[in-house]
């Protein structure tokens, strides 16, 4: 059994096989050679893993993000955020953080933020005297806020896997996301002041209202989605459908930037990405079922209980594990692979599942821009036309800021729980 569920998946991962093939191969081997069960269990569990109402939100949010990431939405957001922070040192860098945060609340996609924000901000920061490596590292890293600020697709997947409330996860993610944005902005202001780059220009009230008017429809998306969820108007799945319809109306009929052909192309991209997500979820569900039937999570809980480790020691070990895993695996795959193993231990130690979900998401967000295989790095390399080594060098200071925020949020659970109680009134 160890060979089928441990050795084979690790070997396939090392050879670069897709994660769904890794999970399916181990599962089929275990069922065929080590378990006395009919192979029809494969189809039943593959389909059963997708039988979750919360997963219906995934294609809707992906499509809404696809629509809003095209056209001038990012430019409108940049102009508005810059009008608010223009008087600060390193105002363009702070604008990048603010725009990535707001854009994350619209698209829920880190890679989309790299593309949309990077195209607008990198040339502007270069012209304003920012070191190229520093600005590239900033864009690559701060875009990871997109999966922490709701609506977040990884949080939906975690909620479905851990049987945790998605509205609670969304509410709990707001304050950590804002704290992270503040810490990143403070570091950028310090670097701009000490390095003497970047100009500060205090905007006028007229300019603020003018840019707000241009960006109002874009800013309406997170307000409607999150306000509707926390106000009890609709569920996260219904909110995703509303976001989808809203994005279509704004981009096609109000901004008039997308043709029907481009909308169809966005729909095609959504179908392709949704299929990638769902096949991983199905394979992970089968793998998790086999682990449970063979009592591996229960044995892990018993083993940890014998070690008598405290919750903070477990969280520290999980942080180290997830930081390493995030360097080599995308967040969705990591969540689906590790959640069935870790949640029983989380429950046994009395750790709040919502708090743990935020910790897990933040860890894997860091993996998005961590060498050698952080997806944001390769997206930024393509968009910014820079050497990978220069981007690696640029992201390292921001990695340390993210790490400091991770430690704070991990070991002060009141931060996430306070935010959850604040927004779920």
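Values quoted throughout were computed directly from the atomic coordinates according to the rules given, and no laboratory measurement underlies them. It should be emphasised that the depicted structure is a prediction, and the values quoted were computed from it without experimental measurement. As a convention, Cβ positions derive from the backbone with ideal geometry for all residues, glycine included, and neighbour counts pool all protein chains shown.
Under a Gaussian network description of the chain, with springs only between Cα atoms under 10 Å, the residue in 391, 377, 263 that fluctuates furthest is 263.
Separation of the range 291-358 from the range 66-87 is 38 Å, based on Cα centroids. Here r is the Cβ-Cβ distance between residue 324 and residue 11 and R0 is 25 Å; the resulting FRET efficiency, rounded to 0.05, is 0.90.
Quick one: helix 331-348 against the long Cα principal axis of the chain, what's the angle to the nearest 10°, folded into 0 to 90? It is inclined by approximately 60 degrees. Relative to the longest principal axis of the Cα atoms of the chain, the long axis of helix 375-384 makes an angle of roughly 30 degrees. Compared with the dominant principal axis of the Cα atoms in the chain, helix 153-162 is inclined by about 30°. If a/c stays under 1.5 just call it rounded; otherwise compare a/b with b/c (prolate if a/b is bigger, oblate if not). Do that for the range 70-186, with a ≥ b ≥ c from the square roots of the Cα gyration tensor eigenvalues. Prolate.
Please give the calculated 222 nm ellipticity per residue for the chain, where each DSSP H segment of at least 4 residues contributes -39500 (n - 2.57) and the sum is spread over every residue; nearest 500 deg cm²/dmol?
My calculation for the chain gives -25000 deg cm²/dmol from helical runs alone.
What shape does the range 165-227 have by the C-alpha gyration tensor, where a ≥ b ≥ c are the square roots of the eigenvalues, rounded means a/c under 1.5, and otherwise prolate means a/b greater than b/c and oblate the rest? The shape class here is oblate. Taking all pairs of different Cα atoms in the range 216-291, averaging 1/r and flipping that mean, what Kirkwood radius in angstroms comes out? This gives a value of 14.6 Å. Three principal axis extents of the range 1-103 based on alpha-carbon atoms, in descending order, are 68, 31, 19 Å.
Restricting to Cα pairs below 8 Å that are 6+ residues apart, what does the relative contact order work out to for the chain? Please round to a whole percent.
Here the relative contact order equals 26 percent.
Extension gain for residue 317 to residue 193 (0.36 nm times residue separation, less C-alpha to C-alpha distance): 41.0 nm. One decimal place: the segment residue 278-residue 2 gains 96.7 nm when fully extended, by the rule 0.36 nm per residue minus the C-alpha distance. Packing order of peptides 233-243, 217-227, 362-372, highest average first: 362-372, 233-243, 217-227 (average count of other Cβ atoms within 10 Å over each peptide's residues). Here the Gaussian network model covers the chain, with springs between Cα atoms less than 10 Å apart; of 151, 59, 311, 311 fluctuates the most.
If you rank 37, 420, 155, 360 by fewest surrounding Cβ atoms within 10 Å, what's the result?
37, 420, 360, 155
Here the Debye sum runs over all C-alpha atoms of the chain as equal scatterers in vacuum, and log10 of I(q)/I(0) at q = 0.10, 0.11 Å⁻¹ comes out as -0.69, -0.83.
Scoring 264-276, 341-353 by mean Cβ neighbours within 10 Å over their residues and listing the highest first yields 341-353, 264-276. Under conditions of 20 °C and 1.002 mPa s, the range 354-415 yields 171 µm² s⁻¹ as its translational diffusion coefficient, taking Rh as the Kirkwood radius over Cα pairs in the Stokes-Einstein equation. The Cα atoms of the range 170-296 give a gyration tensor whose axes a ≥ b ≥ c have a/c of 1.5 or more with a/b no greater than b/c, which makes the shape oblate.
In this label model, residue 52 and residue 412 are separated by 3.1 nm, measuring between points 7 Å along each Cα→Cβ vector.
Placing a pseudo-label 7 Å from each Cα along the Cα-to-Cβ vector at residue 292 and residue 253 gives an inter-label distance of 4.4 nm.
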